[in-house]
Each structure stands twice: as structure tokens, then as C-alpha cells.
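Chemist: Starting off with a structure, shown below.
Where a number appears in this text, it was derived from the coordinates with a stated rule and is not lab data. Values in this document were obtained by computation on a predicted structure and should not be read as measured data. Cβ coordinates were reconstructed from backbone atoms using ideal geometry, including for glycine residues, and neighbour counts include every protein chain displayed.
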Amino acid sequence: MNVVSSLRAVVAGCILLGAAAAQQKLAGPASNDADFICPMDKDVREKQPGTCPRCGMKLIPGIPDSSEYPVYLKLSPRAPRPDKPVGMTFRVEDPKTHATVRKYEIVHEKLFHLFLVSDDLSYFAHEHPTPRPDGTFVFDAKLPQAGPYRVVADFYPAGGTPQMNISTMYVAGQAVPKKPLAADLRAQTGGNLKVSISTEPPQPLAGFKTLMFFQLEPADGGAFELEPYIGAWGHMLAVSEDLVDFIHTHPFIADGGPKVQFNMIFPREGIYRVWVQFQSKGQVNTVAFNVPVKELR
């Protein structure tokens, strides 16, 4: 199998520094008398059962013990080539029984979210593998260039906690040399939306909350229309330049209007490639910004 191990130590750090830890920091100290918690947005706490007002997940009575669920990836062919089909089969293992996990919670209308990111951060895909009766998930990909790709599996096993598992696969051939990322906050145009970004503070600082505001407008000058995309007003994946930190998150404030706010805590100094996705008039717009993050000195 032409797949590197799942980088478990890195993944644990990503999860800690990503959605879970970030949302806890954003909210500040939580009340100890809250009984029901959102498993995705842990700052959302209620005294009564219900659903999370931010992501729509069912609130649960407390958080189960956090355990990492290993993911095994099989490729067919084992040495994929650029622009050629490759079958990807994912098997998730219960860490206690070592059996294949067969039950999952639905997260944003899907059982399994898959992100594919090239080593030079030029390629990005957000996909949803198909479940099979044996508990595995399958997806057919076609990757554009040779070299390593990060494979990010995002899922929520029933009885466990939300997982983000990161592995590396290789596409055979001569890889394109990587170039250092440069900060780029210019407005970008997707399929039918123009997307502008601003942040507060203007210079994001590692370890501190950054408010990220996205202003949306029709690319053709027509009427504005924003639709939910797989259960949210938008999706974001932020990746550090060295491909160590991955953070998958959703809007903190959004109401279908042209201004969408994400809240983020970038864990380290450096440049982060930030992909955001918004749907308008049935078309998914995917745009990316290179956000510079500094240490507080």
C-alpha cells in the first residue's frame, strides 16, 4: 500500500489546536452546570437537549472519552499516476475492539468528509466518499500532478468523538518543486461569487482569536443569493504552509447575507492557506487566501 502512516501524533495536535481547542478558547471559560454540549462546537452548551444553533449537530449529555480511531487507506492502483483514476477505500477501526466501524453520526448531511491537498497547496478538493455495506467508504479520485498529497478524513463514529485523521499518499512521477507561500489577501472570484477577506486584528496573531470576515457579491453583478452548502452557510479548511496544522471549521456568524464571519485561532506563526466554500444559485464557489500569522512579541 503506497500510503504513509496516519501521522497520529500530528493529528492529535491538529485536533487539539483545531476545532475543539479553538472553539473552547473562543468561548472563554464554560459554565460547569451546562448539561448538553455540541460535539463539534464545544463552546455551545445548553441545559436542555436540542441541536446546535451553529452547526445543527444534536447536543449530547457531556463528551465521551476522546479516543483516536485509526483509518486505513487502500489505493487501486497502488502507485497512482497524474490525471489517472485511482480508487480510494477507507476503513475506520474501533480502537477498543479493532473491528471495522459501521455506525456514524451525520455531520453536515454526510457521514464522511474527505479533503485532498497537494504538497505545494495548489490543489484542494472537498469530497464525500460513498459508504459500503462492509463499513468501508470508497471514492474515485483523479489527481492532477505527481508528488505527495495530504488525505484528511473527517468523520464522527457513533459512541466516539469527531475525528480528523491525516495521512499521506503519493502520486508517481516527478513532483513539482515547492515554492514558499506569499501572503495574498486579494479578493478572489469563484464560480459565480467574488469573495473579499478582512480580519480583526488586521494582523492575525498565533494563539489568539482572529475574526475572519468574508464579503460576498455576485461575480456577474446580478442579484445576490447564498444557499446552505452541505448543512452550513460556508466551510473552511485552513492548512499551515508546512502541512502540519489542519483546521476544518464553519461560520461563527452567518444568516444568508453577504457577510460571513468565521472565528479562528491559528496555532503557530507562518502563512496559512485558507480555502473557503460558499454556494450560490446551485454552484459551489471555492476560493483560497494566504493568511500571514505572526507571533506576539
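Chemist: What dipole magnitude, in Debye to the nearest 20, does the chain give about its Cα centre under +1 on Lys/Arg Cβ and -1 on Asp/Glu Cβ?
Modeler: 520
Chemist: Right, next: Please list, ordered by chain and number, the residues whose modelled amide H lies under 5 Å from the amide H of T51; skip anything fewer than 5 residues away on the same chain.
Modeler: Under 5 Å from the amide H of T51: L59.
Chemist: For K58, list the lysines whose Cα falls under 27 Å from its own Cα; do not include residues on the same chain fewer than 8 positions away.
Modeler: Hits, sequence-local ones excluded: K25, K42, K47, K96, K103, K110, K209, K259.
Chemist: Also: Apply the Karplus parameterisation 6.51 cos²θ - 1.76 cosθ + 1.60, with θ equal to phi minus 60°, to every residue of the stretch 47-58 and state each ³J(HN,Hα) to the nearest whole Hz, in sequence, with x for glycine and proline.
Modeler: Whole-Hz 3J(HN,Hα) from phi for the stretch 47-58: 7, 10, x, x, 10, 5, x, 8, 10, x, 6, 5.
Chemist: If packing is taken as the mean number of other Cβ atoms within 10 Å per residue, what is the order of 123-132, 278-287, 180-189, highest first?
Modeler: Numbers: 123-132: 15.6, 278-287: 18.7, 180-189: 12.2.
Descending packing order for the listed peptides: 278-287, 123-132, 180-189.
Chemist: Could you pull out every one of the lysines with an alpha carbon less than 29 Å from that of K178, ignoring same-chain neighbours closer than 8 positions?
Modeler: By straight Cα distance, K178 reaches K74, K84, K142, K194, K294.
Chemist: Report, by chain and number, residues whose modeled amide H sits under 5 Å from the one on V195, excluding near sequence neighbours (fewer than 5 apart, same chain).
Modeler: Q188, T189, G190
Chemist: Does a label point 7 Å from the Cα of E227, set along Cα-to-beta-carbon, have any residues of the stretch 96-130 with amide nitrogen under 19 Å, and which are they?
Modeler: 108-110, 126-128
Chemist: Report, to one decimal in Å, the Kirkwood hydrodynamic radius for the stretch 188-293 based on all distinct Cα pairs.
Modeler: Every distinct Cα pair counted, the radius reaches 13.9 Å.
Chemist: If you take the square roots of the eigenvalues of the alpha-carbon gyration tensor of the chain and sort them as a ≥ b ≥ c, do you get rounded (a/c under 1.5), prolate (a/b over b/c) or oblate?
Modeler: In terms of gyration-tensor shape, rounded.
Chemist: From the phi angles alone, apply the Karplus equation (6.51, -1.76, 1.60; θ = phi - 60°) to the stretch 279-295 and give each ³J(HN,Hα) in whole Hz, x where the residue is Gly or Pro.
Modeler: 10, 9, 6, x, 10, 8, 9, 10, 10, 9, 10, 9, 9, x, 10, 10, 7
Chemist: Moving on to the next point. Relative to the present Cα-Cα distance, how much length would full extension add between K47 and Q283 at 0.36 nm per residue of separation?
Modeler: 81.1 nm
Chemist: For a footprinting-style exposure proxy, rank D120, D83 by other Cβ within 10 Å, fewest first.
Modeler: D83, D120
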